[in-house]
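Asks: Here you go, one structure.
The values are calculated or read from the model by the stated rules, or taken from the named source; none is laboratory data. As the structure is a computational prediction, the values presented were derived from the model and not from experiment. Glycine also receives a Cβ, built like all others from the backbone with ideal geometry; neighbour counts cover every protein chain displayed. Remember, those area values only see protein heavy atoms, side chains included, never the ligands or the DNA or RNA. Shrake-Rupley method; radii C 1.70, N 1.55, O 1.52, S 1.80 Å.
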Amino acid sequence: MKYRPDIDGLRAVAVMAVVLFHAGVPQISGGFVGVDVFFVISGYLITGLILNDMAEGRFSIASFYERRARRILPALFAVLIAASVAAYALLMPDRAQAFGQSLIATVFFYSNILFWHQSDYFQASLVKPLLHTWSLAVEEQFYIVYPLFLFALRRYFSRRYVLALLPVFAVSLAFCIWGVSSHRIMTFFLGPARAWELLLGGLLAVPAVPPLRHRVTANLLGLFGLGLLAYSFVKLSGALPFPGANALYPTLGAAFIIYSGIACQTIVGRCLSLKPVVFIGLISYSLYLWHWIVFVFVRAYLIRALTRWEVVTEILACILIASLSWKFVEAPFRGRRGRDKFSRRSIFAGAALGSMVIATVGGVLFVTHGLPSRFNNQVLDLYSGKYDLWDRHKECSRGICHIGNNPGPPGFLLWGDSHAGAIAPAFEQLAIANNLSGFVASRPACAPLLGLNRYDQDNLQECVRYNGTVLDFIQAQHIRTVFLHARWGLYSEGTRYGQEGGFPALLTADRKAEENYREFEKLFRSTIEELRRCKVNVVIIASVPEVGIDVPTALARRAITGKAIEVEPRYSDFLRRQARAFEVMKTVAAQESIPIIYPHQLLCDGSLCSVVRDQHALYVDDNHLSVHGAMWLMPAMAPFLKELGK
């Protein structure tokens, strides 16, 4: 297959989009679609190579997998070894254990399945050093079947490649578009929903359409494809349904650029063929592998956001590391020189040995629970705040749970999102102390707002259904008093706080965080009015201060390094963050004559908000109170429950 430097240039565009996105450059909100561009390129090149080998009578499955092993494994093994060393040095036990599990999944190319079961790609943020390997798993799973499929078509179906590939392409695309609406995480990670992207490249190589004859048409198509890529990088984001139909923008953009350059060199092709651009394309695989683990472990070491110049330095360092990796790790195993130096037998033996060694490292980290013996007791005690959860946390995190020891009729209900679940142990203690019967109704990401839709979540109407169920429960149980608590600032502003990962919380169909406040105000007011119509006494519990840094991790890192790490959030920042939410609460509370409890009055002074007291972390992460933290709020809530107990 003829070498095309413009395709290496297209690789450069794709990988730099991914790197800039992961670096947090806000203008490249859709940079993650660079992976989709890689899929199209891979499908085009691999299909062309297989068909050429078949035409020349030298195709074999063994040679195909040998070529894949030479291409994929050396750099991958180097990255996994480096990541394992960094994980041993930097990751706390639970993160190291999870890393060990992902290490095994990566080396055996099923990490996409593991991450599908664990978390959303966009919410996982910088806590999973091998998250980016999901795309390698998708490709390798695809290439287990694809060569055999093409071989069977050539031998038994008279080379009717287009006729056979098109239905598979259509089914995969249809599955992807269907799945993204209700199974977004599954659709993002799994091969069947991504196969069409690789097959799009394969259809170009077959070819499904004849080459363009006119240079003007080719130039226009190439420019249009470049425009689609630019649109994808700038306008798409993790807040939008993806992949689904939105994945057509980057994949068709890549396909148009590849197709336009088949018969002649276009303007876009010449730009992509510039030597500096081609060089980035040549190192793109190593750059893709290395950049993410550098980003993750640098931030794990610093426990803070990077400055703009630090981000630039980090990206340049990644390019340097990738260049060295390409030169000294990738190149020696490839080409004629690589085949002469390393035989097929040695490649397969090395692949098996390397996989087993790395899998063993992962297994040790997993079965030993992350080797906690690496740290002294002081560090482990500080980090243990992460496990300071209500003993009924799992049981009550998505339902309605009874608390208290009085078998009589329920007197109150605490209703809210995961923040309500975090303060539930304080309510439980107060209910027992006052001989009360009550309930806790908490669901993560679902504020107690009737009619709330979360457009950033996998299940759009989950909160609507859940909150409706809670309202029915309140009426059926004749509950007299309802306490409402949530992470109000997140819902009113839409944006995350500090270094917290994840995309905005989006309450409107337009999926714009700036529209949240109006929707929040409307829903908050209507919820209070509905509860009052039901003759329910309402008590509003305002927001707990958000920290923006994982508190137990930061405290442990501070103890390990002895360096000052600013963990405590500023009181002024908290007030600024909550200003609009507090204004809504005060206005509605005044109109409806209902009280407001302000947790920050117990957790903050005039300068900072506490994250540790009595040598115990007040938070289990960057925004949820620990049990110890919840107990500090009891004095504010005790008068209300004492009154109910009379």
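Asks: Taking the stretch 176-221 on its own, how many of its residues are open to solvent by 70 Å² or more (accessible area, probe 1.4 Å), assigned to a helix (DSSP H, G or I) and charged (D, E, K, R)?
Replies: 1
Asks: Condition (residue is assigned to a loop (DSSP other than H, G, I, E, B), closer than 30 Å to Gln615 by Cβ and touching a residue at least 60 places away in the same chain (Cβ under 8 Å)) applied to the stretch 507-526: is it met by at least one residue?
Replies: no
Asks: Residues in the stretch 37-54: is at least one out of contact with any helix residue (DSSP H, G or I) (no Cβ under 9 Å at 6 or more places or on another chain) and either under 29 Å from Ile7 (Cα atoms) or of a type in the set (Asp, Glu) (or both)?
Replies: yes
Asks: Here's another thing I want to ask about it. Does Gly57 satisfy being of a type outside the set (D, E, K, R), part of a helix (DSSP H, G or I) and over 18 Å from Arg336 (Cα atoms)?
Replies: No; evaluated as a whole, the condition is false for this residue.
Asks: Could you tell me how many of the residues in the stretch 472-506 are touching a residue at least 12 places away in the same chain (Cβ under 8 Å), open to solvent by 20 Å² or more (accessible area, probe 1.4 Å) and farther than 20 Å from Gly30 by Cα?
Replies: Within the stretch 472-506, residues that are touching a residue at least 12 places away in the same chain (Cβ under 8 Å), open to solvent by 20 Å² or more (accessible area, probe 1.4 Å) and farther than 20 Å from Gly30 by Cα number 8.
Asks: Arg11: over 19 Å from the mean Cα position of the chain (by Cα), of a type outside the set (Phe, Trp, Tyr) and modelled with pLDDT under 95, yes or no?
Replies: Considered against the rule, which asks whether it is over 19 Å from the mean Cα position of the chain (by Cα), of a type outside the set (Phe, Trp, Tyr) and modelled with pLDDT under 95, Arg11 comes out as no.
Asks: So if I check each of Val551, Val544, which one is modelled with pLDDT of 95 or more and touching a strand residue (DSSP E or B) at 6+ places or on another chain (Cβ under 8 Å)?
Replies: On inspection, the qualifying residue turns out to be Val544.
Asks: While we're looking at this one, here's another question. Are there any helices (runs of 4 or more DSSP H) wholly within the stretch 108-175 with 1 or more residues that are modelled with pLDDT of 95 or more, open to solvent by 70 Å² or more (accessible area, probe 1.4 Å) and among the acidic types (Asp, Glu), and if so which?
Replies: Counting at least 1 such residues, we get no helices (runs of 4 or more DSSP H) at all.
Asks: When you look at Ala83, is it under 28 Å from Arg308 (Cα atoms) and either in a helix (DSSP H, G or I) or at pLDDT below 95 (or both), yes or no?
Replies: So Ala83 fits the description; yes.
Asks: Give the residues of the stretch 24-40 that are part of a helix (DSSP H, G or I) and farther than 11 Å from Gly202 by Cβ, sorted by residue number.
Replies: Once the filter is applied, which keeps residues that are part of a helix (DSSP H, G or I) and farther than 11 Å from Gly202 by Cβ, the stretch 24-40 yields Pro26, Gln27, Ile28, Gly31, Phe32, Val33, Gly34, Val35, Asp36, Val37, Phe38.
Asks: Which of the residues that make up the stretch 598-646 are open to solvent by less than 10 Å² (accessible area, probe 1.4 Å) and farther than 29 Å from Ile303 by Cα?
Replies: If the condition is that a residue be open to solvent by less than 10 Å² (accessible area, probe 1.4 Å) and farther than 29 Å from Ile303 by Cα, then Met637, Leu641 are the ones that fit.
Asks: What pairs come out if I take residues in the stretch 446-463 that are over 23 Å from Leu414 (Cα atoms) and free of Cβ contacts under 8 Å to residues at least 60 places away in the same chain and pair them with residues that are open to solvent by less than 40 Å² (accessible area, probe 1.4 Å) and in a helix (DSSP H, G or I) whose C-beta lies under 9 Å away, six or more apart or interchain?
Replies: Listed pairs, sorted by first residue: Gln457/Arg184; Gln457/Cys463.
Asks: Also, I was wondering about something else. Just one of (1) at pLDDT 95 or above; (2) farther than 21 Å from Gly227 by Cα trips up Gly57, so point out which.
Replies: Of everything listed in (1) at pLDDT 95 or above; (2) farther than 21 Å from Gly227 by Cα, Gly57 misses just condition (1).
Rundown of residues vs (1) in contact (Cβ under 8 Å) with a residue 60 or more places away in the chain; (2) under 19 Å from Ala331 (Cβ atoms); (3) open to solvent by 60 Å² or more (accessible area, probe 1.4 Å), yes/no style:
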{"residue": "Ala247", "(1), (2), (3)": "yes, no, no"}
{"residue": "Ala254", "(1), (2), (3)": "yes, no, no"}
{"residue": "Ser260", "(1), (2), (3)": "no, no, no"}
{"residue": "Cys271", "(1), (2), (3)": "yes, no, yes"}
{"residue": "Pro276", "(1), (2), (3)": "no, yes, yes"}
{"residue": "Ile283", "(1), (2), (3)": "no, yes, no"}
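Asks: What pairs can you find where one residue is in the stretch 288-317 and open to solvent by less than 20 Å² (accessible area, probe 1.4 Å), the other is among the charged types (D, E, K, R), and their Cβ atoms are less than 6 Å apart, with a gap of 6+ or different chains?
Replies: Short answer, once both residue conditions are applied: Ile303/Arg557.
Asks: What is the number of the single condition among (1) at pLDDT below 90; (2) in contact with a Lys or Arg (Cβ under 9 Å, 6 or more places away or on another chain); (3) open to solvent by 40 Å² or more (accessible area, probe 1.4 Å); (4) closer than 13 Å to Arg70 by Cα that Lys341 does not meet?
Replies: Only one criterion is unmet by Lys341, namely (2).
Asks: Among the listed residues Phe256, Phe242, identify the single one that is of a type in the set (Phe, Trp, Tyr) and modelled with pLDDT of 95 or more.
Replies: After ruling out the rest, the residue left standing is Phe256.
Asks: Oh, and also: Working only within the stretch 318-342, note down all residues that are over 15 Å from Leu76 (Cβ atoms), among the small types (Gly, Ala, Ser) and in contact (Cβ under 8 Å) with a residue 12 or more places away in the chain.
Replies: Within the stretch 318-342, Ser323, Gly338 qualify.
Asks: One residue is enough: does the stretch 574-583 have a residue meeting the conditions closer than 18 Å to Pro425 by Cα and under 34 Å from the mean Cα position of the chain (by Cα)?
Replies: Checked against the condition, which is being closer than 18 Å to Pro425 by Cα and under 34 Å from the mean Cα position of the chain (by Cα), the stretch 574-583 yields no hits at all.
Asks: Let me ask another. Need a quick list: helices (runs of 4 or more DSSP H) entirely within the stretch 225-344 having at least 2 residues that are closer than 15 Å to Met16 by Cα and in contact with a strand residue (DSSP E or B) (Cβ under 7 Å, 6 or more places away or on another chain).
Replies: Of the helices (runs of 4 or more DSSP H) lying wholly inside the stretch 225-344, none has at least 2 residues that are closer than 15 Å to Met16 by Cα and in contact with a strand residue (DSSP E or B) (Cβ under 7 Å, 6 or more places away or on another chain).
Residues checked against (1) farther than 30 Å from Ile474 by Cβ; (2) among the aliphatic types (A, V, I, L, M); (3) out of contact with any Lys or Arg (no Cβ under 9 Å at 6 or more places or on another chain); (4) open to solvent by less than 50 Å² (accessible area, probe 1.4 Å):
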site	(1), (2), (3), (4)
Ala513	yes, yes, yes, yes
Val538	no, yes, no, yes
Val547	yes, yes, yes, yes
Arg557	yes, no, no, yes
Glu566	yes, no, no, no
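Asks: A follow-up question, please. Which condition number does Lys563 fail, the rest of (1) under 21 Å from Gly30 (Cα atoms); (2) assigned to a loop (DSSP other than H, G, I, E, B) being met?
Replies: (1)
Asks: When Ile61 is evaluated against the numbered criteria (1) crowded, with 22+ Cβ neighbours inside 10 Å; (2) out of contact with any His (no Cβ under 6 Å at 6 or more places or on another chain), which criterion, by number, is the only one it fails?
Replies: So Ile61 meets the others, but not (1).
Asks: Just name the residue that is least open to solvent (accessible area, probe 1.4 Å) out of those in the stretch 1-47 that are free of Cβ contacts under 8 Å to residues at least 40 places away in the same chain and under 23 Å from Ile267 (Cβ atoms).
Replies: Ranking the candidates gives Tyr3 first.
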